[in-house]
1. Could you list all residues from the range 1-13 that are more than 9 Å from the ligand (Cβ to nearest atom) and not charged (D, E, K, R)?
2. Looking at the range 77-114, which of the residues that are closer than 23 Å to Ile210 by Cβ and aromatic (Phe, Trp, Tyr) is most open to solvent (accessible area, probe 1.4 Å)?
3. Looking at the range 288-387, what helices (runs of 4 or more DSSP H) fall wholly within it and have at least 1 residues that are among the hydrophobic types (A, V, I, L, M, F, W, C) and surrounded by fewer than 15 Cβ atoms within 10 Å (Cβ to Cβ)?
4. Read through the list (1) in contact with a Ser or Thr (Cβ under 9 Å, 6 or more places away or on another chain); (2) open to solvent by 60 Å² or more (accessible area, probe 1.4 Å); (3) hydroxyl-bearing (Ser, Thr, Tyr), then give the number of the only condition that Ser62 fails.
5. Quick test of your reading of the structure: Leu229 fulfils all but one of (1) among the aliphatic types (A, V, I, L, M); (2) touching a Lys or Arg at 6+ places or on another chain (Cβ under 9 Å); (3) open to solvent by 30 Å² or more (accessible area, probe 1.4 Å). Name the failing condition by number.
6. Among the residues of the range 17-59, how many are under 16 Å from Ile300 (Cβ atoms), polar (S, T, N, Q) and either open to solvent by less than 40 Å² (accessible area, probe 1.4 Å) or within 12 Å of the ligand (Cβ to nearest atom) (or both)?
7. Only residues that are closer than 30 Å to Lys209 by Cβ and touching a Gly at 6+ places or on another chain (Cβ under 8 Å): list them for the range 240-263, please.
8. Restricting to the range 128-148, and then to whatever is open to solvent by less than 60 Å² (accessible area, probe 1.4 Å) and of a type in the set (Lys, Arg), can you tell me which residue is farthest from the chain's Cα centre (by Cα)?
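The values are calculated or read from the model by the stated rules, or taken from the named source; none is laboratory data. What you see is a predicted model, and the numbers here were worked out from it, not measured in a lab. Note: ideal-geometry Cβ built from the backbone for every residue, glycine included; neighbour counts use all protein chains shown. Heads up: the accessible areas ignore ligands, DNA and RNA and are worked out on the full protein's heavy atoms, side chains in. Shrake-Rupley method; radii C 1.70, N 1.55, O 1.52, S 1.80 Å.
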Amino acid sequence: MNNKEIRVRFAPSPTGYLHIGGLRTALYNYLFAKNQKGKFILRIEDTDRNRYVEGAVDNLISTLNWAGLQADEGPKSGGDYGPYLQSERLDIYNEHIKKLIDNKKAYYCFCTQERLTELRKRQKEEGLQTKYDKHCLSLSKEEIDQKLNDNTPYVIRLNIEPNNEISFNDIIRGEVTFNTGIIDDQVLIKSDGFPTYHFANVVDDHLMKITHVIRGEEWISSTPKHVLLYDYFNWERPLFAHLPLLLNPDKSKLSKRQGDVAVEDYMGKGYLKGALINFIALLGWNAGDDKEFYTMDELINAFSLERVNKAGAVFNLEKLDWLNAEHLRNTPNGEILIMLKNEISKSKYSSFECTDEYLLLIIEAMKERVSFVKEYIEKCPYFFEPPTEYDEKVVKKRWKEDSHDLLKIFSQRIEQLVNPTKEDYEKTLKNFCEEKEIGLGKLIHPLRLALSGVGIGPGIFDLIFILGKEESLKRIDKALEQIK
Ligand code: GLU
């Protein structure tokens, strides 16, 4: 039995925003770790100094935290295997590259850019694969020392023996085999002294005791190089799981051109984190049944790498919207209240004054009719201001010859009620219609129009009760004046 603690990592390069595919990778790592009672580690891969973006790391961490994916170890959380920022680990890479050089598994390369360009050109012309020709591998120790003394710029390359087969077992894809003949002598240390992704990634995964490398399919072609590094260092390899690509509905690779790809965009549009997480979890995984609604805890319980698909996963926004509505319906009213107040403060009703009770009544009455918190305002603005106009189509259809008189007499009845409850309104309206021998619709439709200006909305008794007696009477009076 293997009692080793499961340790996985999300290892983003901070580019300024979190890609939706990155969130999926982070989520699968998180779910797997929590399911296995293991650790979820955040490591920032920031060794590409050309891509440095101010504030990107903080932004990334706050987005992950928003989504509920707190790291057990990472730049902010700390841990026994830090630092968790690669740019703070340069000494570690230097120490490790020396070991590879001593074992002839890596070598200095002093070739100039001109020579490399020339080499590529020649290989292309001859129809050969473009790769480094190991020119510098034959330098003697003295030649190398001399060049180093002269401060000749260099990189350090992985010394790959050609024509070997390398295989690794991918949890999702099964056995994957590459021939080393097609792999270039990868640069491990760049001329600026920083490690490349490949080198830093492997050294850190080993030192951070990562047991499972779970990442996007785009990295699978890098894995043979990584596997070689493990073997060259004589380190135990982690297990690999490469997640399927995310696709646009037309099956092309998910890209900015066809919609939003930054998690921040979805946050800004008002998606609930529970809905986004639920949606992302289903992009490439299912539990083997047709269950679609999941809370985070349910996902943690149900998740397994074995049930991740190989085929690309299509990003279907309609499903996300549907899930958002489902999650909103499952959110306690008290939580919706906080979000709604926040939405109101950003809306044109920011100075609208009301009690929490008033908003809670709206929330309850509209719950089945909204998919987003902001729709508690957009779909029923009449709770925040009296109608300024009356939907013409509804007037035409619902405002009959006798509507004016009926509504007028009915409003007098309402006026006599003292602190009416919802039930009082209902009783009054029903008695009135009975007495006048008319169908309820005869009164309900004109009343709704008068109160809200439109033909649809919550139940009529909710509507009148929430607005309250004074406000409702004012609105009826105004409608009686304006609707002809
Ligand atoms: N830094 C890589 C990235 O940006 C990490 C890939 C991996 O997980 O190995 O996605």
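1. Result: Met1, Asn2, Asn3, Ile6, Val8.
2. Tyr81
3. 317-329, 333-346
4. Single failed check for Ser62: (1).
5. Of (1) among the aliphatic types (A, V, I, L, M); (2) touching a Lys or Arg at 6+ places or on another chain (Cβ under 9 Å); (3) open to solvent by 30 Å² or more (accessible area, probe 1.4 Å), only one is false for Leu229: (3).
6. Looking only at that region, the number is 1.
7. Passing the criteria: His242, Leu243, Pro244, Leu245, Leu246, Val263.
8. That would be Lys134.
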